[in-house]
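The values are calculated or read from the model by the stated rules, or taken from the named source; none is laboratory data. Small disclaimer: the values here were computed from a predicted structure and weren't measured. Heads up, the Cβs are rebuilt from the backbone with ideal geometry, glycines too, and the neighbour counts pull from every protein chain shown.
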Amino acid sequence: MDTIDRPQHVTHDVTNQAPPLAGYDVAARDVALLEGMRREGAAWDEDGLHALGERAGSAEAIGWGFEANRYPPVLRTHDRYGNRIDEVDFHPSWHRLMEVAVTHGLHGAPWSEPRAGAHVARAARFYVWSQVESGHGCPISMTYAAVPVLRRRPDLAALFEPVLTSRAYEPELRPLREKRGALCGMAMTEKQGGSDLRANTTRAEKFDGDTYALTGHKWFCSAPMSDAFLVLAQAPGGLTCFFLPRILPDGTRNAIRIQRLKDKLGNRSNASSEIELETALALRIGDEGRGVATIIEMVNHTRLDCVAGSASLMRQAFAQAAHHARHRRAFGALLVDQPLMRNVLADLALESEAATALLLRLARAVDRGADDPDEAAFARVAIALGKYWVCKRAPAHAAEAMECLGGNGYVEESILPRLYRETPVNSIWEGSGNVNALDLLRALAKQPASRDAYLAELARASGADAHFDAALAALGDDLAAGEAAVEGSARRTVERMALLLQASLLIRHAPAPVADAFCASRLGGDWGAAFGTLSPRADLRAIVERAWPA
Ligand SMILES: Cc1cc2nc3c(=O)[nH]c(=O)nc-3n(C[C@H](O)[C@H](O)[C@H](O)COP(=O)(O)OP(=O)(O)OC[C@H]3O[C@@H](n4cnc5c(N)ncnc54)[C@H](O)[C@@H]3O)c2cc1C
């Protein structure tokens, strides 16, 4: 056949698409983060933060984040000969993410290199690095949180703290004494209940001295490849906390069977598992019957990291939305210049900044709590309300940020679907929403010093914003009348308290457009039920410009 002169139509011009948001320092333009870390005592770590920020914004690390989720962990229960091995295989990108996290001290620097502001610096780093991938933050967080519990057994801490806080990432399975770096997980939840831990049925029988044999199951055990776990089990004297190594000192495997991995909504890079303990040997930490009281210190630190993780997800979601809006045109103008899109972005920016400011204030309370009773008392209520509220806001925030990218936002390559799937878990684990809210009520009732410390913090912002002053007075009345302590109203109470705390931080430390819009919308009721409903009087441009990502 003769060649046909076909008409040449170009079908694949790519126009009006945003360039990838890569090759930037994630921390560089995060003004709320930088101001906050200076304010809360970690200005000394700015260079370290920017070095990690460069890494988090690099195309290479962004690629690791995608791969670690595209190729989730695989459980190998047995070897080819039928021997039980209970190993989890991870994609190499998971190990790269873990390695960066460990070498930057996210799992333990405040313990191994203590100094004023160490927990603030670590929270800022965790927030920056989690923007690239959240799943691997789980074992990093649990290792960080395990150390204060381990210190309750100084003999164990002397042996294992150096290896748990060292900057060496060694995923290979060996006895703890032979390792340069190790990780610690946590296993409390059982099939019949995770909130009410008194229902735990795992038995602990005395074996030798402080060594017990544990038999039972754990329904959720994230990071089952950890070198050790903090576990709750029923000893003769009641629910007790134990340190459960995965490899015994003689090099044999402890009797921990990984039954299966969970098929989860998000957090897919992280191997959350079900495990069985078959007379597994463990060392007691704390007295028999004091299990919850012993492990609660770990939970306080993991709750702080839930706030960090959610604030991090919000910042990354906002960054993606703002970046897109700055490059995408519709109806003859850039999206960012469309008044309604600017309202949406400003509202998302406010939520993100309030979460970041609260995170850094909470980290300072952890930092100072060891020496300052007021800060310790403040932390007791502020972490519970921060965990409740920031984690609750993240899913709605991610959904709205996704919509800013239109259809592109719904596609995996944009990262928004992963951010969106990731958000609910921070509200579910480490005390689900209701449990956190009830915990706050308990703290208010039992620890007047915590209530006073919280109110004293708020008082520092009074007199500057009428909405804030009115909301604070109303809360004070309800606390005095006991209305705020009604169990069925716990969510109302915690939400008001969290918003007031966030508002107080913004009034004291953020520019007027940010603080004014936050107070008018969140406290004054000049707002709708969805994001993007700020008052037309708000200085939307100033709010969005302050939050530009790159
Ligand atoms: C991805 C993932 C990883 C996890 N990893 C771990 C891990 O490594 N180690 C570990 O120990 N656990 C882990 N968990 C478990 C998690 O901590 C629990 O799921 C959580 O504590 C809730 O327990 P539960 O699932 O048994 O729900 P339940 O305790 O049955 O609670 C169900 C709902 O009831 C609410 N509720 C409970 N009590 C009350 C009350 N008195 N009043 C009102 N409402 C109430 C809760 O807030 C919750 O919304 C993980 C969970 C997930 C999803």
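Out of the residues in region 536-550 meeting the condition of being small (G, A, S) and touching a helix residue (DSSP H, G or I) at 6+ places or on another chain (Cβ under 6 Å), tell me which one is nearest to H467 (Cα to Cα).
It comes out as A538.
Return the pairs, sorted by first residue and then second, in which the second residue is of a type in the set (S, T, Y) and not in a helix (DSSP H, G or I), the first residue lies in region 327-353 and is touching a residue at least 60 places away in the same chain (Cβ under 8 Å) and surrounded by fewer than 24 Cβ atoms within 10 Å (Cβ to Cβ), the beta carbons are less than 8 Å apart, and the residues are 6+ apart or on different chains.
Pairs found: N343/T533.
What's the total number of residues in region 409-448 that are within 16 Å of the ligand (Cβ to nearest atom), of a type in the set (K, R) and more than 16 Å from S195 (Cβ to Cβ)?
The number of residues fulfilling the criteria is 2.
Condition check ((1) of a type in the set (A, V, I, L, M, F, W, C); (2) part of a loop (DSSP other than H, G, I, E, B)) across all residues:
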{"position": "D5", "(1), (2)": "no, yes"}
{"position": "D25", "(1), (2)": "no, yes"}
{"position": "L33", "(1), (2)": "yes, no"}
{"position": "G48", "(1), (2)": "no, no"}
{"position": "L106", "(1), (2)": "yes, yes"}
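Among the residues of region 149-181 satisfying the criterion of being hydrophobic (A, V, I, L, M, F, W, C) and part of a loop (DSSP other than H, G, I, E, B), which is farthest from the ligand (Cβ to nearest atom)?
Filtering first and then ranking leaves A168.
Do the conditions hold for D25, that is, is it within 25 Å of L334 (Cα to Cα), touching a Lys or Arg at 6+ places or on another chain (Cβ under 7 Å) and touching a residue at least 12 places away in the same chain (Cβ under 8 Å)?
no
So which helices (runs of 4 or more DSSP H) are wholly in region 381-492 and hold at least 2 residues that are crowded, with 23+ Cβ neighbours inside 10 Å and aliphatic (A, V, I, L, M)?
416-422, 433-446
Being more than 22 Å from L345 (Cα to Cα), of a type outside the set (G, A, S) and either modelled with pLDDT of 95 or more or out of contact with any strand residue (DSSP E or B) (no Cβ under 6 Å at 6 or more places or on another chain) (or both) is true for just one of R546, R537, R492. Which residue is that?
Answer to the selection: R492.
State all residues of region 437-494 that are within 23 Å of F518 (Cβ to Cβ) and of a type in the set (S, T, Y); if no residue qualifies, say none.
Listed by number, the residues that qualify are Y454, S462, T493.
Given the residues G135, G108, which is the only one that is in contact with a Ser or Thr (Cβ under 6 Å, 6 or more places away or on another chain) and either under 27 Å from E274 (Cβ atoms) or among the aromatic types (F, W, Y) (or both)?
G135
May I ask you to verify whether A357 is away from the ligand (no atom under 16 Å from the Cβ), free of Cβ contacts under 8 Å to residues at least 24 places away in the same chain and part of a helix (DSSP H, G or I)?
It is false that A357 is away from the ligand (no atom under 16 Å from the Cβ), free of Cβ contacts under 8 Å to residues at least 24 places away in the same chain and part of a helix (DSSP H, G or I).
Considering each of D374, D287 in turn, give the residue that is assigned to a helix (DSSP H, G or I), among the acidic types (D, E) and surrounded by fewer than 24 Cβ atoms within 10 Å (Cβ to Cβ).
Sole residue among the options that is assigned to a helix (DSSP H, G or I), among the acidic types (D, E) and surrounded by fewer than 24 Cβ atoms within 10 Å (Cβ to Cβ): D374.
Check R260 against each of (1) surrounded by 17 or more Cβ atoms within 10 Å (Cβ to Cβ); (2) over 22 Å from the mean Cα position of the chain (by Cα); (3) within 16 Å of the ligand (Cβ to nearest atom) and name the one condition it does not meet.
For R260, the failing item is (1).
P72 passes all but one of (1) out of contact with any Lys or Arg (no Cβ under 9 Å at 6 or more places or on another chain); (2) crowded, with 17+ Cβ neighbours inside 10 Å; (3) not hydrophobic (A, V, I, L, M, F, W, C); which number fails?
(1) is the only condition that P72 fails.
Quick one: in region 182-230, which of the residues that are closer than 16 Å to D287 by Cβ and in a strand (DSSP E or B) is nearest to the ligand (Cβ to nearest atom)?
L230
Which of the residues belonging to region 264-320 are among the charged types (D, E, K, R) and within 16 Å of the ligand (Cβ to nearest atom)?
K264, R268, E274, E276, E297, R303, D305
Tell me which residues, restricted to region 39-53, are crowded, with 17+ Cβ neighbours inside 10 Å and either of a type in the set (D, E, K, R) or within 22 Å of H509 (Cβ to Cβ) (or both).
R39, E40, G41, A42, D45, L49, G53
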